[in-house]
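Participant: Below is the structure I would like to discuss, written out as structure tokens.
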Amino acid sequence: MSTGQPPEATPGVDAGVNEDGPSELRRIAERDVGQVDWGLWGSYLPERQWGTVREDYSADGDAWTSFPHDHARSRTYRWGEDGLLGICDRHCRLCFSVALWNGVDPILKERPFGLSNPEGNHGEDIKDYYYHLANTPTHSFMRGLYKYPQGRFPYERLVAENASRGRSEPEFELVDTGIFAEDRYFDVLVEVAKASAEDLLIRVRAINRGPDPAPLTLLPTLWLRNTWRWGYPDEHELPMQLEGDVVATGELPQLGAYRMHCRESGEWWFTDNETNTLRLWNQANATPYQKDGFQRRLIEGEQGATNPRCSGTKAARVLKRTLAAGEEWVVELRLRRADADAGDPFSAEFDRLFAQREQEWREYFAHVTPHLDSDGRLVHDSAAAGLLWCKKYYGWSVLRWLEGDPTMPEPPRERWHSENAYWKRLHCHAIISMPDSWEYPYFCQWDLMFHAVAFAMIDPATAKQQCMLLRSPHFTAPNAQTPAYEWALSDPNPPIGAWAAMRIFQIDRKQTDHADLPFLRAALRKLILEYGWWANRNDRSGDNVFEGGFLGLDNIAVFDRRFPLADGSHIEQCDGTAWMASLSLNLLQMAVELSREEEEYADMCERFVVDYVQLAISLNAPLKNGRTYLNWDEQDGFYYDVIKRPDGSHDYLRTRSVSGLVPLLAVASFDVETVLRLPMLDVRRTLAWFFHERTSPTWVAENLGIWHNDRLLFALVPKDRLARICERLFDETEFLSPYGIRSLSKVYGAHPYTYTEGHQSQTLTYSPADSPVAMFGGNSNWRGPVWMPLNFLLIEALQKFAHFYGDSFKVEFPTRSGHWINLWDASLELEKRLVALFRRDQQGRRPFLGDVELFQNDPHWRDLLQFHEYFHGDNGRGVGASHQTGWTAMVCKLLTQLSQYS
């Protein structure tokens, strides 16, 4: 009987290993040189297209109301498609996924269900349970699992109950309804194996987990994205036809013609991917068959809803069965190019290829990260699968969105006055790594940099492509700004592009023993343009104190840092300046690396050294321009935001959060050989003129240009301040959680922080799980939870300090424990805590699963992993978006390092 888990390797099957390594390595190489287009097909089908900005054509910009879930089954999408664990080509022209009906649901299950942002008490929230179990860089093998209840899906109850709850209450989840009681659900697994780049074997497995027989209807569905309705002269409708018992497409642009086979006996139904205007707006339909035709015929009994001539742009095989308790039903399909469609599509070769591709998947990840125990292997490969599944098609042309289509009503003129109107040149039709395939089905700038680094170990070419994607001319603004995310394209995100590019270069070099200098050169050219935008845009005062605004940390501050306060005061952010210093050092490291082969990059190094020095002084030393205060508070031993008033007075916003830890990230060191080769790195010699002209050189002399063990240190945080910060960082009553570093000190749980400025008064409280405030939509919370991305950056920073100081600098870990270790060992201790979120503990429980006994103990649930957006600051329970396998996939890198050093 199948368990719904990845089965063990099949004995006697080709392991997919040749003399050059795993077969997946060969496919990656063929893809990267353009020899075989293994990336043409993948798990690129989005999991939510409704409720997105790009599909919003309203006057008020309310995307959630403009295109709600209720419209999704009946309304054609303008810019993409969606489905449940589906696949499509990279252009999202031809799509496949499975629709389900249990005989009682009012809606055909064609896509995952969740609440919109206004419906959820903590913003948008997926309610269905589905899992990304396996995937490879070339998508040669893919497996996903959906848990489909046998009872009527409680759509109305989920909406009503969450609407009745406040922000101080937990979200009401599908499992809370009791619908999975007595295991009355189906495990539905969707698996795909590639026989070739254009020949896809598909297997759907449905297993009745319940105690009684239960009916199930499967509709494996093939459809065309509607590209013909919008007035493009080169796009035409090409309906699919039934040829015998095979669905055949026309000659599709960029794809050619394809044919779909199904081994299971059944009937093919056809309809069209067109909007049902009669249902939505009580207007006559322009076409005889609509997108919701299968729903209307199967569930509502409307026989005329599908085309009896078996032609249309959407087709499904209708398969019905009542499954006995524990019974597994296997349905096999094959989608391949028409010109290669010869022979029996379901010969013995079908099963052999499936088994081989699965074995090759296992072999590849064992090659990438060897020496993991079975639980570590599960965590690693599940995270990698989620990262790969979250690569999705993203289409949007902002200019076309603003102007409208010639065949459609003109969009509201109000949108020309929106912030996004500035981004007219943004034009995207690409596969992008999404933060979360349902909750955040769009690119997010700083998230994407973490995704790219996570990709570096498993797919370096994709890592490089994703790292630079948003810096291409199709995305960047004329002033070189990089777009943030579709809800607010102009929001400044932490400038970590240079960090990502450098880390990808380093990881790739270590993996392949080859230095990809052309990538590093290209990245540096683009990043220098962006660097100029940062320097000119966010330094309001001209004294190298950067405000930044949003900077990715949502509700981290007591006030919304994007806006001035009502009395005209503004906030000088310690993390804004620190991010800029970190950017300077990362660009410096890139230039230093390139200067090894090309001397002309040496001149560039001096610019970044000077910029770093000025930023370090601005954050740490008083200035003579009247700015006598610092972001460093000597009383508390911490970096704080400073509120600067119109009258010139100032005050600290004394909240200890990760924004005050960001200065730690600006650190690098160079060996003596490098400094001799590039003498401008020696700060005291190169900038002697600069120090000579300063009337108060004490801090500069004591803290810049420090040597130790033949290494030169560049660090925004001096040694004495590093020691004081570490006391709080490793204090379990402040930042140190059993599962990593909290985003806000725990002291604000018992002692909330309140600040009043003029008529504005706000209170900040330690909130270890969901957000207690509506700021930034209320769906993210930086007031206490553990976040993987900042933890990862902090760990790397600690390791850089450790490389410089060695055993000469030790910390008490945890604070007041009497246990003293160096910073390298402290970093590994943090890695262990983060990995422990997903591993079984001594009681056999996985902390991220929380206190849901079904998830913790049931054999069909307990080893299904999700990688959440953030984690409860005390108990590690997963919170926020549940498929945030973009940056939370950084756990793969942690597992790899722990396997090598612990």
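The values are calculated or read from the model by the stated rules, or taken from the named source; none is laboratory data. Keep in mind that what you see is a predicted model, and the values were worked out from it rather than measured. Here Cβ is always computed from backbone atoms with ideal geometry, including for glycine, and neighbour counts include all displayed protein chains. Note: accessible area is taken over every heavy atom of the protein model, side chains too, but ligands, DNA and RNA are not part of it. Shrake-Rupley method; radii C 1.70, N 1.55, O 1.52, S 1.80 Å.
Participant: Scanning the chain for helices, which whole DSSP H stretches are 27 Å or more long along the axis (Cα) and average -0.5 or more by Kyte-Doolittle?
Facilitator: Those that pass (Cα extent of 27 Å or more, hydropathy at least -0.5) are 517-537, 574-595, 601-620.
Participant: Mind ranking 798-809, 841-852 by how tightly packed they are, going by the mean number of other C-beta atoms within 10 angstrom, highest first?
Facilitator: In decreasing order of mean packing, 798-809, 841-852 become 798-809, 841-852.
Participant: Which far-off residues, 5 or more places away or on another chain, put their amide H under 5 Å from the one on Asn117, with H placed in the peptide plane?
Facilitator: Under 5 Å from the amide H of Asn117: Glu124.
Participant: Tell me, what is the per residue accessible area of the range 308-415 in Å², probe radius 1.4 Å?
Facilitator: On a per-residue basis, 38 Å².
Participant: For the range 808-839, which trypsin sites (Lys or Arg not before Pro) pass both filters: DSSP loop (anything but H, G, I, E, B) and at most 12 other C-beta atoms within 10 Å?
Facilitator: Filter output for the range 808-839: Arg816.
Participant: Over the range 177-281, with the other protein chains present, what is the accessible area per residue in square angstrom, probe 1.4 angstrom?
Facilitator: 34 Å²
Participant: Please give the net charge around Phe455, taking every other residue with its beta carbon less than 12 angstrom from that of Phe455, where Lys and Arg add +1 and Asp and Glu add -1.
Facilitator: Combined, the nearby Lys, Arg, Asp and Glu give +2.
Participant: For the chain, what is the mean residue ellipticity at 222 nm derived from helices alone (per DSSP H run of n ≥ 4: -39500 (n - 2.57); sum divided by total residues; nearest 500 deg cm²/dmol)?
Facilitator: Computed ellipticity for the chain at 222 nm equals -9000 deg cm²/dmol.
Participant: For the range 25-158, what does the accessible surface come to per residue with a 1.4 Å probe? Please give it in Å².
Facilitator: 22 Å²
Participant: Normalised by the residues of the chain, what does the relative contact order come to in percent, with Cα pairs under 8 Å and at least six apart?
Facilitator: 11 percent
Participant: Okay, moving on. Any lysines with Cα under 16 Å of the Lys800 Cα? List them, leaving off those in the same chain fewer than 8 positions away.
Facilitator: Lys719, Lys810
Participant: If you don't mind, there's one more thing I want to ask. Heavy atoms only, probe 1.4 Å: what % of the accessible area of the chain goes to carbon and sulfur, would you let me know?
Facilitator: 50 percent
Participant: For Rg and Dmax of the Cα atoms in Å, which listed value, (1) 28.0, 89; (2) 32.1, 108; (3) 35.6, 122, comes from the coordinates shown?
Facilitator: Read-out taken from this structure: (1).
Participant: In terms of the Cα gyration tensor, with a ≥ b ≥ c the square roots of its eigenvalues, is the range 289-421 rounded because a/c is under 1.5, prolate because a/b exceeds b/c, or oblate?
Facilitator: Oblate.
Participant: Taking amide hydrogens as modeled 1.01 Å from N in the peptide plane, which residues meet the under 5 Å criterion relative to Leu133, leaving out close sequence neighbours?
Facilitator: Result for Leu133 returns Arg143, Gly144, Leu145.
Participant: Mean separation of Cα pairs under 8 Å and 6+ residues apart, divided by the residue count of the range 428-481: what relative contact order is that in percent?
Facilitator: Once divided by the residue count of the range 428-481, the mean separation gives 26 percent.
Participant: Among residues other than Ala325 whose Cβ falls under 12 Å from its Cβ, what is the net charge (Lys/Arg +1, Asp/Glu -1)?
Facilitator: -3
Participant: With the cut-off at 28 Å, tell me which of the pairs Lys392/Lys832; Lys391/Lys424; Lys147/Lys746; Lys314/Lys464; Lys194/Lys526 have Cα atoms farther apart than that.
Facilitator: Lys392/Lys832; Lys147/Lys746; Lys314/Lys464; Lys194/Lys526, as the Cα separations exceed 28 Å there.
Participant: OK, next. To the nearest 20 Debye, how big is the dipole of the range 571-698 about its Cα centre, given +1 on the beta carbon of each Lys and Arg and -1 on that of each Asp and Glu?
Facilitator: I would put it at about 540 debye.
Participant: Round to a whole angstrom and tell me the spacing of the C-alpha centers of the range 101-148 and the range 470-485.
Facilitator: 31 Å
Participant: What are the trypsin sites (Lys or Arg not before Pro) within the range 606-694 that DSSP puts in a loop, where the Cβ has at most 11 other Cβ atoms within 10 Å?
Facilitator: Taking the range 606-694 and a limit of 11 other Cβ atoms within 10 Å, the loop trypsin sites (Lys or Arg not before Pro) found are Lys624.
Participant: Could you please report the charge total around Thr271, scoring K, R as +1 and D, E as -1 over all other residues with beta-carbon less than 10 angstrom from its beta-carbon?
Facilitator: Overall, the nearby charge balance is +1.
Participant: Once you order the gyration tensor axes a ≥ b ≥ c over the Cα atoms, which shape class does the range 435-532 get: rounded for a/c under 1.5, otherwise prolate or oblate by comparing a/b with b/c?
Facilitator: Oblate shape, in that a/c is at least 1.5 and b/c is the bigger or equal ratio.
Participant: Would you list, by chain and number, the aspartates and glutamates whose Cα falls below 13 Å from the Cα of Lys644, excluding same-chain residues fewer than 8 positions away?
Facilitator: Glu547, Asp567, Glu572, Glu757
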